[in-house]
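What follows draws every value from the coordinates through simple rules; no lab data is involved. As the structure is a computational prediction, the values presented were derived from the model and not from experiment. We place every Cβ from the backbone using ideal geometry, glycine too, and count neighbours over all the protein chains shown.
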Amino acid sequence: MNESTLRALLLTGFLVLIIIYFTTRDSAFLSRENGLNILVNASVIGIVSLGQVLTIISGGFDLSVSGTVPLGSVVFAILVNRGWGILPAVGGVLAVGAVCGLVNGLLVAKVNINPLIATLGTLSVTGGIALTIADGLQIPFSDPNAGVLAEQSLFGVNNHVWILIALSIAIFLVLRYTVFGRYLYAVGGNREAARLGGIRVSAVTTGVYVSSAMLASLAGAVLASQLLTGSGTVGTGSALLSIAAVILGGASLAGGVGGVPGTLIGVLILGTLANGMAIISVPAFYQTIATGLVLLLAVGVSQARRLRLGI
Amino acid sequence: MVEPLLAIDGLAKQYGHHRVLEGVSFTLEAGETAALIGENGAGKSTLAKVLAGAVRPDDGKICIDGKEVSFATPREALTHGIAFIPQELVYVPNLSVAENIVLGRWPRRAGMTSPAWALRQAASEARRFGFQLPLDRQMMALSLAQQQMVEILKAVARNSRIIVLDEPTAALNSEDSQQLLDLMSGLATSGVGVIYISHRLDEVFRACRTVHVLRNGRLVHSSAVSDTNPKDIIRHMLGRSIDEVIVPKERFDGSTKVLELEDWERSASPPLRRVSLAVYEGEIVGLYGVRGAGAETIAETLGGLHPDVRGRTTVAGHALHALRHPVASRRAGIAYVPADRKSQGLVLTLSVQQSFSLLVMRALSRFGVIAGRQEGATARRLASEVRLRARGLGQMVGELSGGNQQKVLVGSRLASTPNVLVLQEPTRGVDVGARLEIHRLLRQLAKDGTGALLVTSDIEEATILSDRLLILRDGAIVHEIHQPTLSSQAEALHAAGGLD
């Protein structure tokens with residue numbers, strides 16, 4: 001059994017343990033309704049994490065999602081309130097995301113700024129723009145039907161979850177079967193070797209940051225339709241949560257390692273934890289502590305294994 | 001009788017089954033400059049690292065002033081008075097020169113120190129030993145020659161009595177080299193014992209008193225420089241050939257040029273001076289020279305790594321606009337195999353199949369989607385062409401042996417059926433069996449018509465593989481050997497070492 005399969009099994013086992021624990025504390029936890037609840041809530045971070053895993057595989061990471069998500073939510077709310085249909089509004093949101101991603105890509109690939117600093121900078125800018133556009137306030141949907149995506153469901157599963165599933169499959173296929181995906185693993189695994197082999201590392205890097213920002217922006221739109229409000233203050237924890245989920249799922253910050261299945265399990269673990277703690281009425285700040293501890297534990301165990309195997 | 005400054009007796013070191021050093025013994029007097037010579041892999045660096053305290057020997061004694069010593073860490077070696085200046089200098093680039101000089105010797109006064117103190121201390125030491133250095137500038141702003149001076153001053157300021165220098169002039173021009181050699185004699189005059197590791201026989205004969213020759217981990221010759229001559233030294237270095245089957249060369253008679261360089265010039269270090277050469281179809285042209293002579297620079301430029309090189313380049317009849325970037329190099333039909341497979345050539349986390357196909361993804365995909373079956377077929381073909389030994393095409397490259405990794409690297413470059421192959425150190429760190437197979441592969445490629453430019457620091461390999469061997473020195477081609485044989489090694493080493 002190889003390393004990544006073992007890891008996936010361990011993570012799933014961990015998830016099962018968490019579920020069992022919370023069920024023993026409150027049987028209401030283990031219900032179809034709650035399960036769907038977890039999925040719907042997780043879909044926002046899930047979408048962001050799909051973009052984050054791309055950047056992390058390529059050897060960087062994207063902190064600016066904490067600003068792009070609220071920006072996406074605000075832009076979506078504004079466009080919908082102006083009478084734009086859902087699809088055009090989503091298109092507008094994606095366009096905004098693409099611009100943010102382009103800026104990130106240029107800063108990292110051409111100006112050669114460290115991804116940490118570059119995306120930290122764009123985080124402040126996009127977050128600031130989100131707050132400015134919304135005048136620091138919320139932008140409620142003038143027509144509650146615009147949140148229609150959140151209300152509708154297919155086969156009893158909320159549309160937002162289907163969006164997450166569809167995107168997960170798409171990103172999985174990109175990573176496994178496309179040239180771009182292959183280049184991501186190459187650039188993340190050894191940037192210099194990729195460059196010397198004639199791969200256009202700048203183009204790949206820019207593409208990855210554009211993808212990440214577009215997904216984050218889309219997640220913002222999804223979040224807005226769940227809250228029926230666009231706001232510059234929601235989704236500001238997206239960066240840390242998505243990075244935690246991706247690393248929990250087995251990706252390496254050094255790059256070259258990672259995938260969709262692990263990321264989804266990471267997202268589920270974090271989402272289940274948050275939900276469970278809310279159900280047993282753990283105060284909010286304990287939840288943050290618990291999330292951090294879980295991340296450290298999981299990564300610690302994984303690193304210890306890697307050290308022992310000499311990887 | 002006065003005990004020698006340094007006495008090594010029966011030093012041995014083994015890595016796995018490989019005996020890197022065996023029964024090495026010699027002495028060094030105060031004020032003596034001893035040269036340590038040997039081919040790559042002969043054990044020079046390991047010996048230097050043992051003296052520096054970076055590597056523990058498996059056997060043998062080290063005595064300083066007659067007293068046996070052992071070092072667990074480099075710091076202990078320093079305390080005993082041995083300073084090692086490696087080929088790749090180790091310093092803190094963003095600190096000032098003065099701070100680098102006093103590194104590790106800051107005063108233990110309430111944990112506080114000051115740049116002013118460092119400046120004063122460094123200045124007084126520089127004065128004492130007669131060094132002229134810009135003490136307040138950042139280390140990284142200095143030239144390589146100056147940086148080496150700083151390293152040497154660091155060593156002397158610590159009252160090091162034995163200084164080991166590893167190929168210090170490798171990347172220096174002749175002026176700076178002479179300055180360094182003068183500095184070395186100055187050190188010797190003041191009673192320091194110097195061990196000078198080098199490939200440059202001319203410098204050895206000019207500046208050293210004694211010479212020790214290592215071959216395959218054993219010390220095969222020790223004498224005063226005045227008692228020997230370069231021919232003898234070379235003979236000791238090469239000794240009897242390793243008993244290995246030499247792949248026969250076909251007589252090539254191609255007339256089409258696949259690669260032509262005309263008047264290449266480079267002013268940055270290491271420089272190139274009016275280099276012109278041609279590679280014909282079906283020919284393997286070898287480039288050999290000491291480090292910094294220009295051989296690896298030419299290869300790297302063909303790989304797109306030195307956009308500052310001026311001159312004309314023609315590949316398969318097409319004149320190239322410029323080789324500014326590896327992408328341009330690949331587009332021109334040049335397949336470049338870099339020197340360091342781990343850091344420059346391979347993505348160790350990819351599988352064998354993925355590595356083989358990495359450079360030709362465009363040809364193996366439609367609208368951005370990888371054609372799995374085609375990729376598999378390509379990988380299988382290349383794996384058999386290079387005679388790869390792996391558990392399967394899905395095995396991670398990082399798990400393969402050095403020789404097999406090298407085969408994957410070379411194979412990945414062949415995937416695009418290039419016009420010309422440019423290889424650097426194709427069998428570095430590769431076992432004898434894999435080395436032979438790679439040599440066979442290259443000769444087969446030559447027979448099939450692919451031209452190759454080969455840069456290697458292994459003189460034996462250069463003579464085995466090349467149809468024509470060009471010797472470089474100080475950035476220019478100084479000698480050409482047609483159809484070299486094993487016995488051409490002496491001739492090549494002569495030309496590369498600057499002896500007439």
Requested in this report: Determine, from the Cβ-Cβ distance of A:Phe155 and A:Ala290 and an R0 of 41 Å, the FRET efficiency 1/(1 + (r/R0)^6), rounded to the nearest 0.05.
Outcome: 0.80
Requested in this report: State to the nearest 20 debye the size of the charge dipole of the range A:15-166 about its Cα centre, where the only charges are +1 on K and R beta carbons and -1 on D and E beta carbons.
Outcome: 240
Query raised in the report: Is the shape of chain A best called rounded, prolate or oblate, per the rule: a/c under 1.5 gives rounded, else a/b larger than b/c gives prolate, else oblate, with a ≥ b ≥ c the square roots of the Cα gyration tensor eigenvalues?
Result: oblate
Query raised in the report: Say the cut-off is 22 Å between C-alpha atoms; which of B:Lys407/B:Lys447; A:Lys110/B:Lys407; B:Lys49/B:Lys154 go over it?
Result: A:Lys110/B:Lys407
Report task. State, as an integer percentage, the relative contact order of chain B based on alpha-carbon contacts under 8 Å between residues 6 or more apart. Result -> 15
Requested in this report: Report, in degrees rounded to the nearest 10, the 0 to 90 angle that the Cα long axis of helix B:432-447 makes with the longest principal axis of chain B.
Outcome: 40
Requested in this report: Starting from the Cα of A:Thr132, move 7 Å in the Cα-to-Cβ direction to define the label point; list residues of the range A:79-102 whose amide nitrogen is under 15 Å from there.
Outcome: A:100
Requested in this report: With runs of 4+ DSSP H residues as the only contributors, calculate the mean residue ellipticity of chain A at 222 nm using -39,500 (n - 2.57) per run, divided by the residue total and rounded to the nearest 500.
Outcome: -25000 deg cm²/dmol
Query raised in the report: Any idea how far the Cα center of the range A:55-85 sits from the one of the range A:224-299, in Å?
Result: 18
Requested in this report: Determine the sum of side-chain charges near A:Ala109: Lys and Arg each +1, Asp and Glu each -1, restricted to other residues whose C-beta is under 15 angstrom from that of A:Ala109.
Outcome: +2
Query - Folded to 0 to 90 degrees: helix B:402-414 orientation relative to chain B principal axis, Cα - result: 50
**Report entry** chain B, helix-only ellipticity at 222 nm - DSSP H runs n ≥ 4, -39,500 (n - 2.57), divided by all residues, nearest 500
**Finding:** -9500 deg cm²/dmol
Report task. With unit charges on the beta carbon (Lys/Arg positive, Asp/Glu negative), name the residue among B:Ser96, B:Gly191, B:Phe205 whose Cα is farthest towards the positive pole of the charge dipole of the range B:82-217. Result -> B:Gly191
Requested in this report: Evaluate the charge dipole of the protein assembly as shown about its Cα centre and quote only its size in Debye, nearest 20, assuming +1 on the Cβ of each Lys and Arg and -1 on the Cβ of each Asp and Glu.
Outcome: 1200
Requested in this report: For the range B:450-500 and the range B:282-322, write down the distance between their C-alpha centroids in whole Å.
Outcome: 16
Query raised in the report: What whole number of Å gives the distance from the Cα centroid of the range A:27-41 to the Cα centroid of the range B:137-183?
Result: 69
Requested in this report: May I ask you to list, by number, the DSSP H helices of chain A whose Cα span along the axis is at least 18 Å and whose average Kyte-Doolittle hydropathy reaches -1.0 or more?
Outcome: A:3-25, A:32-57, A:65-81, A:86-105, A:115-133, A:159-177, A:201-227, A:260-279, A:284-309
Query - Using a Förster distance of 60 Å, the FRET efficiency for B:Ser276-A:Ser4 (Cβ separation, nearest 0.05) - result: 0.70
Query raised in the report: Hey, what did the range A:142-251 get for relative contact order, percent, Cα under 8 Å, at least 6 apart?
Result: 26
Report task. Arrange the peptides B:272-284, B:89-101 so that the one whose residues have, on average, the most other Cβ atoms within 10 Å appears first. Result -> B:272-284, B:89-101
Query - Among A:Pro261, A:Val222, A:Gly128 - extreme Cα towards positive end, dipole of chain A, charges at beta-carbon - result: A:Pro261
